[in-house]
Amino acid sequence: MRAFLAYFRVSITDALEYRGDILLYAISSVMLPVTSLLLWFAVTDSGSLSPLSRSEFVRYYLFLSVVGVWVSNWAAYFISRDIRLGKISSWIIKPASFTLYQAGNNISEKILKTIYLIPVIIAFGFIFRFTWPSLALYKWVLFGLSVALAGILAFLIDISIGFLAFWLEDSNSVREGYSILHLIFSGRIVPLFTLPVVLQQAAIFLPFRYTLSLPLEIMLDKLSAPQLFQGLLTQILFVFAAFYLHKKIWRLGIKKYSASGN
Amino acid sequence: MRRHLKIFYRIYSARLGKDLSLPLFNQFFQIIGSLCFFLLHLYSFGLLIGKFSFPGWTRSDMWVLLFTFEIFTYLAFYLYWRGFNYTVRDINSGSFDMTLTKPVTSRLLTFFRGGGFHNIFCTLLGLVFLMGAFIYFQIPFSFQGLALYLLSLVSGLWIMYCWGVSFISLNLKYGNLKSTISAVFQVQEAYKYPSTAYDKLSLGFWIILSSLSLLTTFPATLLLSKPLEFKLVVLYILVLIFSTVIAHLTWSLGLRHYSSASS
């Protein structure tokens with residue numbers, strides 16, 4: 001815990017050096033959801049049948065902007081680069097876990113991004129006449145839990161992809177492949193329930209839904225109690241599986257790892 | 001102008017040559033990656049137009065628009081992506097100074113650094129699909145429409161370049177702003193759909209989204225020989241002028257405020 005807090009403090013200080021970049025990231029991260037939202041407005045105004053009401057679309061995309069920050073990850077590229085350049089060597093001899101450092105870096109940046117994002121979201125909330133979903137308290141708690149689990153799951157998958165650089169010269173192609181599937185099955189571009197039924201059913205068995213869509217489905221109150229329970233349980237199982245996977249890949253990778261020039 | 005075109009050609013042909021000299025494995029995976037995004041756009045677009053309609057645009061028109069979007073997007077990635085990335089990196093490392101000392105326009109050397117072969121591959125694929133759409137849907141074709149299409153694609157790419165310059169110029173004054181690289185490409189969803197989709201939005205959103213959407217709507221409309229609304233033509237011309245002026249101003253101001261990281 002002390003190591004994590006130390007990494008967290010260092011990462012926050014580091015991130016505060018680049019306040020402008022984080023502010024710009026926060027603004028640009030809402031561009032896609034807002035554009036998609038306006039497109040849905042245009043579609044619904046044209047008289048076409050829509051899976052959600054206007055206010056539900058507003059809730060979906062504004063919450064997506066915030067949840068999207070908490071499930072975003074960037075470590076895979078840097079981990080892959082560090083393995084390729086031999087910079088990971090210093091982490092092998094440290095008494096603290098490399099994953100802990102990445103987690104500290106991840107959470108610190110996300111906190112800063114959220115702080116910058118909140119005024120932007122509030123402004124868009126006024127513009128689009130956002131209304132709070134009327135959920136029972138326990139559903140809000142489950143929503144928060146699901147967001148936390150989604151963030152952990154996305155983080156573990158991301159660093160696992162980064163660790164593949166122990167075997168692949170460049171894991172970017174794997175990352176890109178993951179990104180494409182993530183775009184389709186996570187609900188980032190279009191809500192999952194607008195996809196064909198076959199794809200919706202496939203999404204239940206893939207991890208992507210549990211990295212973004214599930215918390216949003218809970219927020220929209222679209223799930224029955226059994227579906228909610230099943231979704232959360234599957235999410236927890238995926239988190240355990242991803243945790244085990246990342247540990248395994250790291251251990252196997254370190255055995256294989258050799259660096260030149262260090 | 002002739003000298004600039006010569007330099008442009010040399011940079012891009014050298015880059016292409018370097019890409020083609022890499023192991024086939026690398027290129028294969030890059031092409032597969034780009035192809036997957038290409039197909040993702042195809043698939044998500046097909047889902048949407050299967051369920052919803054856009055006023056003034058038939059199904060065949062929408063497919064022509066999508067393939068124009070694919071051609072435009074991959075060309076933009078080919079022309080600018082590397083330049084945007086490397087410029088931010090160079091400004092932060094101090095190696096941007098070398099670019100300023102060269103006897104060529106700094107904007108040319110900075111932003112045009114060559115593109116990946118996989119982007120050219122997908123551009124050509126978009127072209128093939130576009131021709132296929134014309135044949136499949138039996139859309140009437142005219143060479144005049146084609147000439148105007150190419151011209152409007154070039155002007156659309158110029159607008160995108162100007163936006164990129166405006167964003168990247170912020171790095172000259174404010175330092176490390178890596179988010180500026182992707183900011184320009186975050187708005188892809190807006191120009192995947194026709195401008196008429198945004199007609200019922202409030203004025204502010206209409207101006208922003210229609211300006212973006214016209215990057216592909218304008219060329220597609222000209223190619224299909226459809227009538228174009230006067231207000232959209234005016235908007236397009238204003239966007240072209242405005243973005244050119246803003247890019248020039250931001251770049252000049254940025255250079256004036258620039259102090260090298262290596263000094």
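Within the stretch B:169-207, the residues that satisfy the criterion of being under 15 Å from the mean Cα position of the chain (by Cα), within 30 Å of B:Pro227 (Cα to Cα) and without any contact (Cβ under 8 Å) to a residue 12 or more places away in the chain are B:Gln186, B:Glu189. So, B:Ala190, is that one in contact with a strand residue (DSSP E or B) (Cβ under 6 Å, 6 or more places away or on another chain) and closer than 30 Å to B:Phe52 by Cα or not? Against the criterion (in contact with a strand residue (DSSP E or B) (Cβ under 6 Å, 6 or more places away or on another chain) and closer than 30 Å to B:Phe52 by Cα), B:Ala190 does not qualify.
Candidates are the residues of the stretch B:108-117 that are outside any loop (DSSP other than H, G, I, E, B) and open to solvent by less than 30 Å² (accessible area, probe 1.4 Å); the one that is nearest to B:Trp81 (Cα to Cα) is B:Phe111. Which one is modelled with the lowest pLDDT among residues in the stretch B:68-83 that are within 17 Å of B:Ile31 (Cα to Cα) and among the β-branched types (Val, Ile, Thr)? This residue is B:Thr73.
Could you please give the count of residues in the stretch B:141-178 that are among the small types (Gly, Ala, Ser) and more than 14 Å from chain A (Cβ to nearest Cβ)?
Going residue by residue through the stretch B:141-178, those that are among the small types (Gly, Ala, Ser) are B:142, B:145, B:147, B:152, B:155-156, B:164, B:166, B:169, B:175.
Subsequent filtering for residues that are more than 14 Å from chain A (Cβ to nearest Cβ) retains B:142, B:145, B:147, B:152, B:155-156.
Matching residues across the stretch B:141-178 total 6.
The one condition from (1) crowded, with 17+ Cβ neighbours inside 10 Å; (2) of a type outside the set (Val, Ile, Thr); (3) over 18 Å from B:Tyr74 (Cβ atoms) that B:Gly33 does not meet is (3). The condition (being among the aliphatic types (A, V, I, L, M), open to solvent by 40 Å² or more (accessible area, probe 1.4 Å) and within 14 Å of chain B (Cβ to nearest Cβ)) is satisfied by just one residue among A:Val190, A:Val197: A:Val197. What do you reckon, is B:Ala14 at pLDDT 80 or above and open to solvent by less than 10 Å² (accessible area, probe 1.4 Å)? No, not satisfied.
Given B:Leu201, B:Leu209, which one is among the aliphatic types (A, V, I, L, M), surrounded by fewer than 19 Cβ atoms within 10 Å (Cβ to Cβ) and within 7 Å of chain A (Cβ to nearest Cβ)? Spell out the reasoning first.
Values: B:Leu209 fails: surrounded by fewer than 19 Cβ atoms within 10 Å (Cβ to Cβ).
From the options B:Leu201, B:Leu209, the qualifying one is B:Leu201.
Being surrounded by 14 or more Cβ atoms within 10 Å (Cβ to Cβ) and more than 30 Å from B:Ser202 (Cβ to Cβ) is not true of A:Lys113.
Of the residues making up the stretch A:23-79, those that are within 8 Å of chain B (Cβ to nearest Cβ), hydrophobic (A, V, I, L, M, F, W, C) and either within 19 Å of B:Leu47 (Cα to Cα) or buried (at least 19 other Cβ atoms within 10 Å of the Cβ) (or both) are A:Leu24, A:Leu32, A:Leu38, A:Leu39, A:Phe41, A:Ala42, A:Val43, A:Leu49. Restricting attention to the stretch B:46-75, and to residues there that are part of a helix (DSSP H, G or I) and of a type in the set (Val, Ile, Thr), which single residue is nearest to B:Leu214 (Cα to Cα)? Within the stretch B:46-75, the match that is nearest to B:Leu214 (Cα to Cα) is B:Thr68. Checked against the criterion of being open to solvent by 80 Å² or more (accessible area, probe 1.4 Å), of a type in the set (S, T, N, Q) and either more than 9 Å from every other protein chain (Cβ to nearest Cβ) or farther than 30 Å from B:Leu109 by Cα (or both), the candidates B:Ser21, B:Ser53 yield just one match: B:Ser21. Exactly one residue among B:Tyr86, B:Tyr9, B:Tyr78, B:Tyr43 is open to solvent by 10 Å² or more (accessible area, probe 1.4 Å), assigned to a helix (DSSP H, G or I), over 24 Å from B:Gly164 (Cα atoms) and hydroxyl-bearing (Ser, Thr, Tyr), and that residue is B:Tyr43.
When restricted to residues that are under 20 Å from B:Thr68 (Cα atoms), β-branched (Val, Ile, Thr) and open to solvent by less than 80 Å² (accessible area, probe 1.4 Å), the stretch B:215-260 contains 5.
Here is a yes/no grid of residues against (1) among the aromatic types (Phe, Trp, Tyr); (2) without any contact (Cβ under 8 Å) to a residue 12 or more places away in the chain; (3) closer than 28 Å to B:Gln30 by Cβ:
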position	(1), (2), (3)
A:Leu142	no, no, no
A:Ser146	no, no, no
A:Leu149	no, no, no
A:Leu156	no, no, yes
A:Gly162	no, no, yes
A:Ser186	no, no, yes
A:Phe193	yes, no, no
A:Tyr210	yes, no, no
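Filtered by the rule that a residue be at pLDDT below 85 and either in contact with a Gly (Cβ under 6 Å, 6 or more places away or on another chain) or under 16 Å from B:Lys173 (Cβ atoms) (or both), the stretch B:84-93 gives a lone residue, B:Asn92. Checked across the stretch A:159-175, the condition of being within 21 Å of the chain's Cα centre (by Cα) and acidic (Asp, Glu) holds for no residue. Checked against the criterion of being farther than 22 Å from A:Leu37 by Cα, modelled with pLDDT under 85 and either crowded, with 17+ Cβ neighbours inside 10 Å or not aromatic (Phe, Trp, Tyr) (or both), the stretch B:125-132 contains not a single residue that satisfies it.
For the stretch A:220-235, check the following and say yes or no: at least one residue is in contact (Cβ under 8 Å) with a residue 24 or more places away in the chain, open to solvent by less than 60 Å² (accessible area, probe 1.4 Å) and charged (D, E, K, R). For the stretch A:220-235, residues in contact (Cβ under 8 Å) with a residue 24 or more places away in the chain, open to solvent by less than 60 Å² (accessible area, probe 1.4 Å) and charged (D, E, K, R): absent.
Yes/no per residue for (1) over 20 Å from B:Lys6 (Cβ atoms); (2) hydrophobic (A, V, I, L, M, F, W, C):
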| position | (1), (2) |
| --- | --- |
| B:Ser95 | yes, no |
| B:Leu108 | no, yes |
| B:Phe117 | yes, yes |
| B:Cys122 | yes, yes |
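Elements of the type helices (runs of 4 or more DSSP H) sitting completely within the stretch A:140-250 and holding at least 3 residues that are in contact with a helix residue (DSSP H, G or I) (Cβ under 6 Å, 6 or more places away or on another chain): these cover A:172-185, A:213-219. Residues in the stretch B:89-107 that are buried (at least 17 other Cβ atoms within 10 Å of the Cβ) and within 23 Å of the chain's Cα centre (by Cα): B:Asp90, B:Ile91, B:Arg107.
The values are calculated or read from the model by the stated rules, or taken from the named source; none is laboratory data. The structure presented is a predicted model; accordingly, all values stated were derived computationally and were not measured. Ideal geometry is used to build each Cβ from the backbone, glycine not excepted, and the neighbour counts take in all protein chains shown. For accessibility, only protein heavy atoms count, side chains too; no ligands or nucleic acids. Shrake-Rupley method; radii C 1.70, N 1.55, O 1.52, S 1.80 Å.
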